[in-house]
Amino acid sequence: MAKASDIKNGNILRFNGELVQVEDFLHRTPGNLRAFYQARMRNIKTGKLVEYRFRTDEDVDIARVETNDYQYLYEDGDALVVMDNTTFEQYNIPKELFGSGVKFIKEGMNVIVSFESEEPIIGSVPGSAELEVTYTEPAVKGDTSSGALKSATLETGAEIRVPLFINIGDRVKVDTTSGSYVERAKS
C-alpha cells in the first residue's frame, strides 16, 4: 500500500473497487486546519468524474499498469486483434476501449494499450491518421465558395467532410479525436 502523498497526476488507482485515473491532484493547507490532498479522478470504465479528499497519511492502492505499443492486425467481431511488437503475442482488445477513434484505425497502424493484471483497460489511437479516399462526389464546376465541404468515404469505411478539391485516390490527414479533415497528405 502507498500513501496519498505518493499519488501523481496520471496514476491509476483502485478506488472503492473501481479503477480511476487521477486527472488533478493538489496539496491543500487551509489556514489552521490539517493539510489534505484534493483529487479529481475519472472512472476508466464509465468515464464518470469523482472528487475526493485524501488525508495525507491515508493508504491508497496504486494499480500496476503496463502500457505498450501494439500493431493493429485485424477486426474480430467486437474486438480488435493487436500484436506486441517485441514478443509477437496477439491480444483481443474490446473496440469500446478506443472510443470514437476506432473507425480510423487501419491494418498495420500502431496503437497504445494499457493492461492491469492481464486485463486491457485503456486503448488509444494516434492523434491523426493518413487515409486514402475511396469514394467522394466530383466537385461541381463553379462551386468555389470558401469553406465548402463534401462527404468522403475513407479506406477504413469512415465518412468525413472534406474540401471540394479532394478526389478519389487522394490521401488525407484526419484528426482521430474529432473525426475532422486536417489536410491533404504529403506524398
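Descriptive notes on the structure:
- Scanning the range 105-131 for residues that are polar (S, T, N, Q), farther than 22 Å from Ala63 by Cα and either in contact with a Ser or Thr (Cβ under 7 Å, 6 or more places away or on another chain) or not assigned by TED's automatic domain parsing to the domain that holds Val82 (or both) yields a single hit, Ser128.
- The listed residue being exposed (fewer than 12 other Cβ atoms within 10 Å of the Cβ) and not acidic (Asp, Glu), out of Gly99, Gly108: Gly108
- The lone criterion from (1) in contact with a strand residue (DSSP E or B) (Cβ under 9 Å, 6 or more places away or on another chain); (2) of a type outside the set (A, V, I, L, M); (3) not in a strand (DSSP E or B) left unmet by Thr134 is number (3).
- Filtered residues of the range 158-183 (kept if surrounded by 17 or more Cβ atoms within 10 Å (Cβ to Cβ) and more than 22 Å from the chain's Cα centre (by Cα)): Val162, Leu164, Ile166
- Boolean, Glu96 is touching a helix residue (DSSP H, G or I) at 6+ places or on another chain (Cβ under 9 Å) and modelled with pLDDT under 90: yes
- Pairing residues of the range 123-138 that are touching a residue at least 12 places away in the same chain (Cβ under 8 Å) with residues that are of a type in the set (Phe, Trp, Tyr), at Cβ distances under 8 Å and at least 6 apart in sequence or on separate chains, gives Gly123/Phe98; Ser124/Phe98; Val125/Phe98; Val125/Phe104; Ala129/Phe104; Leu131/Phe104.
- Residue, surrounded by the fewest Cβ atoms within 10 Å (Cβ to Cβ), within the range 111-127, restricted to residues that are in a strand (DSSP E or B) and β-branched (Val, Ile, Thr): Ile112
The values are calculated or read from the model by the stated rules, or taken from the named source; none is laboratory data. What you are looking at is a predicted structure, and each value in this text was computed from that prediction instead of being measured. All Cβ positions, glycine included, derive from the backbone under ideal geometry; neighbour counts span all protein chains shown.
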